[in-house]
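Undergrad: Handing you this structure, nothing more for now.
The values are calculated or read from the model by the stated rules, or taken from the named source; none is laboratory data. Remember, predicted model here, so these are calculated numbers, not experimental data. With ideal geometry, Cβ positions are generated from the backbone for all residues, glycine too; neighbour counts draw on all protein chains shown.
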Amino acid sequence: MEQSEALIAARIAQDAPDRADRLAGIVTTALKGMSAAARDGAGADELRAFAEAAAAGFRAVLAQKTSPAFTGEGGTRAAGG
């Protein structure tokens, strides 16, 4: 785990210790995707819209009780749902 991902995980662990590493990986992946999109010419409005949507999804996941999909239990999900 990179240092930045470890810092993100440490913050998430304050609210969701059982899912911190998995959620930090998701946040890090989103940030890397936004960085690539910006490098490829995405504008501020597009990046802001993505960040707002990602943040809303992240808050929804945090509001849920522990989910096997975020603790690494229960296998994988099929594509599309």
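Undergrad: Filter region 1-23 down to the residues that are in a loop (DSSP other than H, G, I, E, B) and under 15 Å from residue 64 (Cβ atoms) and list them by number.
TA: The answer is 15, 16, 17, 18, 19.
Undergrad: Continuing with this model, one more query. Find all pairs meeting these conditions: Cβ atoms under 6 angstrom apart; at least six residues apart or on different chains; first residue within region 26-43 and within 18 Å of residue 1 (Cβ to Cβ); second residue in a helix (DSSP H, G or I) and not aromatic (Phe, Trp, Tyr).
TA: Correct list of pairs: 27/8; 28/5; 30/54.
Undergrad: Follow-up. Across region 3-13, which residue is surrounded by the most Cβ atoms within 10 Å (Cβ to Cβ) among those that are without any contact (Cβ under 8 Å) to a residue 12 or more places away in the chain and farther than 16 Å from residue 62 by Cα? Break it down stepwise before answering.
TA: At the first step, the residues of region 3-13 found to be without any contact (Cβ under 8 Å) to a residue 12 or more places away in the chain are 3, 7, 10-11, 13.
From what is left, the residues that are farther than 16 Å from residue 62 by Cα are 3, 7.
Numbers: 3: 7, 7: 12.
Among those residues, the one meeting the criterion is 7.
Undergrad: Given the options 30, 49, 36, 44, name the one that is crowded, with 17+ Cβ neighbours inside 10 Å and among the small types (Gly, Ala, Ser).
TA: Exactly one residue qualifies, and that residue is 30.
Undergrad: Kindly evaluate residue 24 against the criterion of being surrounded by 15 or more Cβ atoms within 10 Å (Cβ to Cβ), at negative phi and under 11 Å from the mean Cα position of the chain (by Cα).
TA: Yes, satisfied.
Undergrad: Can you name the condition, by its number, that residue 48 falls short on among (1) outside any helix (DSSP H, G or I); (2) of a type outside the set (Val, Ile, Thr); (3) modelled with pLDDT of 85 or more?
TA: (1)
Undergrad: Can you tell me which condition residue 16 does not meet? The list is (1) modelled with pLDDT of 95 or more; (2) under 22 Å from residue 62 (Cα atoms); (3) surrounded by 15 or more Cβ atoms within 10 Å (Cβ to Cβ), and all the others hold.
TA: (1)
Undergrad: Is it the case that region 62-81 has a residue that's surrounded by 11 or more Cβ atoms within 10 Å (Cβ to Cβ), in contact with a helix residue (DSSP H, G or I) (Cβ under 7 Å, 6 or more places away or on another chain) and modelled with pLDDT of 85 or more?
TA: No, the conditions are met nowhere in region 62-81.
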